[in-house]
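K.L.:
Here it is: the structure, laid out below.
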Amino acid sequence: MDGSNLFHACNARNFKVDLIKLVNVLVGGRLARAYFYTAFNLQKQEQIKFLHAIQMQGLRVKAVSLKKVG
């Protein structure tokens with residue numbers, strides 16, 4: 001799943017999503033791997049903690065750190 005788009009779509013509509021429940025609904029009991037793709041800011045500890053927490057719940061996190069431009 002695209003973490004950035006999911007985050008911004010939920011924020012725009014004041015909506016909260018339980019990622020683990022969403023993955024379970026999408027997978028439907030089949031053996032599958034769930035990947036969470038995103039970029040994060042190394043300076044924001046809460047982002048790093050969030051990514052670690054969802055990784056501990058079984059999602060495979062594919063993340064890259066944001067680069068400063070200019």
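The values are calculated or read from the model by the stated rules, or taken from the named source; none is laboratory data. Only a predicted model underlies this, so the values are computations on that prediction, with no experimental measurement involved. As a convention, Cβ positions derive from the backbone with ideal geometry for all residues, glycine included, and neighbour counts pool all protein chains shown.
K.L.:
Check off (1) on the phi < 0 side of the Ramachandran plot; (2) among the polar types (S, T, N, Q); (3) modelled with pLDDT of 90 or more for Asn24 and give me the number that stays unchecked.
P.N.:
Going through (1) on the phi < 0 side of the Ramachandran plot; (2) among the polar types (S, T, N, Q); (3) modelled with pLDDT of 90 or more one by one, Asn24 breaks only (3).
K.L.:
Go through region 37-70 residue by residue and tally those that are among the basic types (Lys, Arg) and modelled with pLDDT of 90 or more. Talk me through it step by step, then tell me what you get.
P.N.:
If we filter region 37-70 for residues that are among the basic types (Lys, Arg), which is where we start, we get 44, 49, 60, 62, 67-68.
Next cut, modelled with pLDDT of 90 or more only: 44, 49, 60, 62.
Residues in region 37-70 being among the basic types (Lys, Arg) and modelled with pLDDT of 90 or more: 4 in total.
K.L.:
Moving to a separate point now. Which residue pairs have Cβ atoms closer than 7 Å, lie 6 or more positions apart in sequence or on different chains, and pair a first residue in region 42-70 that is under 19 Å from Asp2 (Cβ atoms) with a second residue that is of a type in the set (Lys, Arg) and outside any helix (DSSP H, G or I)?
P.N.:
Short answer, once both residue conditions are applied: Arg60/Arg33.
K.L.:
Using beta carbons and a limit of 7 Å, which pairs, at least six apart or on different chains, have the first residue in region 1-12 and more than 17 Å from Gln55 (Cβ to Cβ) and the second one modelled with pLDDT of 90 or more and not in a strand (DSSP E or B)?
P.N.:
Close Cβ pairs satisfying both conditions: Cys10/Lys16; Cys10/Val17.
K.L.:
I'd like to check which helices (runs of 4 or more DSSP H) are fully inside the chain and have at least 3 residues that are surrounded by 13 or more Cβ atoms within 10 Å (Cβ to Cβ) and out of contact with any Leu (no Cβ under 9 Å at 6 or more places or on another chain).
P.N.:
Numbers: elements: 3-12, 19-27, 45-56.
Output list reads 45-56.
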